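A.B. asks: Below is the structure I would like to discuss, written out as structure tokens.
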Amino acid sequence: MTGTTNGAHGPRALAIANQKGGVGKTTTAINLGTALAAVGERVLIIDIDPQGNASTGVGIPLEARSVTAYDVIMGRADLLAACLPTAVPGLSIVTATSDLVGIESELMSDGNRAFRLRDAVRGLIAGFQARPGERPYSYVLIDCPPSLNVLTLNAMVAADAVLVPVQCEFFALEGISQLKETIEQVRGTLNPGLDIQGVVLTMHDARTTFSREVADNVRGFFGPKVYDTIIPRNIRVAEAPSHGKPILLYDVNCPGSQAYIELAREIIDRENQYKAA
């Protein structure tokens, strides 16, 4: 499979969001980014979760995070200055630290607070346009915190579309209506082009009837927005972040790795359909 040519027209920014924790947002950001890079895309992950798990998961230690997403959102640095390379060729990251915890109160009186990340992404695009010899990013993946706060709002305003991971467990659809409503509100007021790129089912256990029932329920709720690819519950995927590696570097042959490669293929196909429409 070959990649798209999104970079020639500016990157496609995807916010990876769900206000529920533990559904696989960060795992999806890391491993989707790696899979896209593996097929020739140039990818930037922006970690805006104060826990900084995406940064840790691609092997960036805390002491190496001198310029972070906090500095970008506060206007102290541009995205290019904050980008760090990872061990995956073609994959970079803007890291996060706990500095992001207080950003809501710091921006409370700023009327432009919802647009700060969008403006930074626009600055990134302009920077590459000013340097035509440098290959731009084709995808920007924004790893959101597990809440609908000012950071997630920034991500949705900056994004072209939202990718929603949904865990195959009992409360899978709890809060999803609120997330959909938030996306619709942002589209109606702050970002008219925002859409749901797709919904990815995570932590699926094919051995249980229950997982299959949850998958059917999610498909009933979101319809064709749900990707065909399902991310299985896989111990190797769970182990990889503790080694500071995406699953494709930790164990490329495990079912989790293969699923993220398939997901990357589906996303590229959808993006190509979007461009052709």
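A.B. asks: Being over 22 Å from residue 275 (Cβ atoms), part of a helix (DSSP H, G or I) and at pLDDT 90 or above is true for just one of 187, 219, 212. Which residue is that?
C.D. replies: Values: 187 fails: over 22 Å from residue 275 (Cβ atoms); 212 fails: at pLDDT 90 or above.
Step by step, each of 187, 219, 212 is checked, and only 219 is over 22 Å from residue 275 (Cβ atoms), part of a helix (DSSP H, G or I) and at pLDDT 90 or above.
A.B. asks: Further question on the same structure: Please work out if residue 210 is loosely packed, with under 14 Cβ neighbours inside 10 Å and aromatic (Phe, Trp, Tyr). Give the derivation first.
C.D. replies: On the way: loosely packed, with under 14 Cβ neighbours inside 10 Å: yes; aromatic (Phe, Trp, Tyr): yes.
Yes; evaluated as a whole, the condition is true for this residue.
A.B. asks: Looking at 75, 52, which one is within 17 Å of the chain's Cα centre (by Cα) and either more than 15 Å from residue 248 (Cβ to Cβ) or at pLDDT 95 or above (or both)? Walk me through it before giving the result.
C.D. replies: On the way: 75 fails: within 17 Å of the chain's Cα centre (by Cα).
Being within 17 Å of the chain's Cα centre (by Cα) and either more than 15 Å from residue 248 (Cβ to Cβ) or at pLDDT 95 or above (or both) holds for just one of 75, 52, which is 52.
A.B. asks: Looking at residue 272 and the list (1) within 20 Å of residue 87 (Cβ to Cβ); (2) in contact (Cβ under 8 Å) with a residue 40 or more places away in the chain; (3) over 17 Å from the mean Cα position of the chain (by Cα), which single condition is not satisfied?
C.D. replies: It fails just one condition, (1).
A.B. asks: Let me ask you something else. Out of the residues in region 86-114 that are surrounded by fewer than 15 Cβ atoms within 10 Å (Cβ to Cβ) and of a type in the set (A, V, I, L, M), state the one that is farthest from the chain's Cα centre (by Cα).
C.D. replies: 108
A.B. asks: Additional query: Under 7 Å between Cβ atoms, which residue pairs at least 6 apart in sequence (or on different chains) link something in region 140-164 that is in contact (Cβ under 8 Å) with a residue 40 or more places away in the chain with a partner that is among the hydroxyl-bearing types (Ser, Thr, Tyr)?
C.D. replies: So the pair list comes out as 143/26; 144/152; 145/152; 148/182.
One line per residue, one yes/no per condition, for (1) of a type in the set (Gly, Ala, Ser); (2) surrounded by fewer than 17 Cβ atoms within 10 Å (Cβ to Cβ); (3) without any contact (Cβ under 8 Å) to a residue 40 or more places away in the chain; (4) more than 21 Å from residue 161 (Cβ to Cβ):
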residue	(1), (2), (3), (4)
216	no, yes, yes, yes
224	no, yes, yes, no
228	no, yes, yes, no
234	no, no, yes, yes
238	yes, yes, yes, yes
243	no, yes, yes, yes
246	no, no, no, yes
253	no, yes, yes, yes
256	yes, no, no, yes
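The values are calculated or read from the model by the stated rules, or taken from the named source; none is laboratory data. All values derive from a computational prediction rather than experimental measurement. Backbone-built Cβ (ideal geometry, glycine too); neighbour counts: all protein chains shown.
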